[in-house]
Each structure stands twice: as C-alpha cells, then as structure tokens.
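Visitor: If you scroll down you'll find the structure; I have some questions about it.
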Amino acid sequence: WKRCEASAPAAFQCATIKVPLDYRAPGGKRIDLAISRIKSTAPGKRHGVLLSNPGGPGGQGISLPLALQEELPASARQKYDLIGFDPRGVGRSSPVTCGLTPDEEEWLRPYKAETFAKDVAWARKVAEKCRKKAGATLPHITTRNTARD
C-alpha cells in the first residue's frame with residue numbers, strides 16, 4: 001500500500017494486485033487490478049471492509065472510498081476499511097481500449113427506426129475494432145470475473 005496521489009489525503013492508499021485473466025486457468029496470464037482503501041478510524045472496533053463497486057459498465061471506482069468517507073456516519077468509518085477498485089479493463093486495472101474515435105465512443109443511441117441501420121453499422125464497426133485490438137481479452141471482462149476479483 002502507498003499513498004494514491006500527492007494531492008490526495010495520506011490516509012487514501014492504493015495498491016495493485018495481480019489476478020488471473022482467465023479464472024479457468026488461474027496459473028496463466030495475470031492482469032493488474034488497482035485497489036484503494038481508507039482504513040477504519042478505530043482499529044479496535046473494526047469489523048471488516050466495506051467494498052464499493054462503481055457499477056457501469058466501464059465505471060472507475062478507485063476514488064470511491066473518498067466519497068464514502070464524506071457520506072458515511074462516523075460509526076461506519078470506525079468499523080470498516082473503505083475499499084474501492086477499478087474493475088478489470090477499466091481505469092488503472094489493465095485498461096482495455098479499442099482505438100475508437102470520439103464519434104465511435106458515443107454509445108448513447110436510443111432506438112429509432114429511422115437510424116436503426118446506421119446504428120447497427122456503428123455497432124458492428126465498434127465490435128470489429130475491439131475484436132482486432134483486444135479480442136483475446138474481451139471475453140474475460142465480465143461481471144462474474146469482476147466479482148471473482
């Protein structure tokens with residue numbers, strides 16, 4: 001564990017752990033998982049950890065302990081280490097990129113009959129770029145593997 005950033009509070013610590021890319025082959029390729037913590041304020045009253053998941057998809061959560069620290073009552077901060085993380089493939093956790101242009105990254109495309117064909121073509125182009133750039137990794141960027149991590 002080390003201080004996350006010089007501009008962040010000293011109590012906000014970060015680390016990187018190695019996790020299997022493919023949990024069916026735990027001895028195989030490993031990827032980095034960035035985690036953070038703020039220790040409980042009363043170690044003698046500590047009950048465990050409060051792990052926060054940013055949701056998403058694609059949400060970064062390394063800074064969530066800082067937000068939780070502001071929102072939780074003192075009794076919770078005494079009992080729990082606040083833990084955050086960037087899920088696999090996101091932020092500081094072996095990020096996956098597909099080499100998309102800003103227009104290709106614009107994923108908010110509500111269904112409209114008149115743009116359906118264009119939207120399907122966009123989705124296929126994005127999928128193809130991602131397959132070429134990160135195809136071997138993408139099958140392992142899943143909710144189940146995030147939970148395993």
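The values are calculated or read from the model by the stated rules, or taken from the named source; none is laboratory data. Just so it is clear, the model here is predicted, and its values are computed rather than measured. Counting neighbours? That spans all protein chains shown, and the Cβs are built from the backbone with ideal geometry, glycine included. In case anyone asks, the SASA skips ligands and DNA or RNA and just uses the protein heavy atoms, side chains included. Shrake-Rupley method; radii C 1.70, N 1.55, O 1.52, S 1.80 Å.
Visitor: Does the stretch 5-34 hold any residues that are modelled with pLDDT of 95 or more and open to solvent by less than 30 Å² (accessible area, probe 1.4 Å), and which are they?
Guide: If the condition is that a residue be modelled with pLDDT of 95 or more and open to solvent by less than 30 Å² (accessible area, probe 1.4 Å), then Phe12, Cys14, Ala15, Val19, Pro20, Leu21, Ile31, Leu33, Ala34 are the ones that fit.
Visitor: Right, here's the next one. Restricting to the stretch 42-69, and then to whatever is in a loop (DSSP other than H, G, I, E, B) and in contact with a Leu (Cβ under 7 Å, 6 or more places away or on another chain), can you tell me which residue is least open to solvent (accessible area, probe 1.4 Å)? Full working, then the answer.
Guide: Looking only at the stretch 42-69, we keep the residues that are in a loop (DSSP other than H, G, I, E, B), and these are 42, 46-47, 52-63.
Add one more test, that the residue is in contact with a Leu (Cβ under 7 Å, 6 or more places away or on another chain), and what stays is 52, 54.
On the way: Ser52: 17, Pro54: 41 Å².
Only one residue tops the list, namely Ser52.
Visitor: Let me ask another. Has the stretch 117-131 got any residue that is more than 25 Å from Thr16 (Cα to Cα), surrounded by 11 or more Cβ atoms within 10 Å (Cβ to Cβ) and in contact with a Gly (Cβ under 8 Å, 6 or more places away or on another chain)?
Guide: yes
Visitor: Ok, one more. Can you work out which of the residues in the stretch 70-93 that are hydrophobic (A, V, I, L, M, F, W, C) and under 21 Å from the mean Cα position of the chain (by Cα) is surrounded by the fewest Cβ atoms within 10 Å (Cβ to Cβ)?
Guide: Ile83
Visitor: Kindly list, by first and then second residue, each pair from a residue in the stretch 20-46 that is without any contact (Cβ under 8 Å) to a residue 24 or more places away in the chain to a residue that is open to solvent by less than 70 Å² (accessible area, probe 1.4 Å) and aliphatic (A, V, I, L, M), limited to pairs with Cβ atoms under 7 Å and residues at least 6 apart or on different chains.
Guide: Matching pairs, first to second residue: Gly28/Leu21; Lys29/Leu21; Arg30/Val19; Arg30/Leu21.
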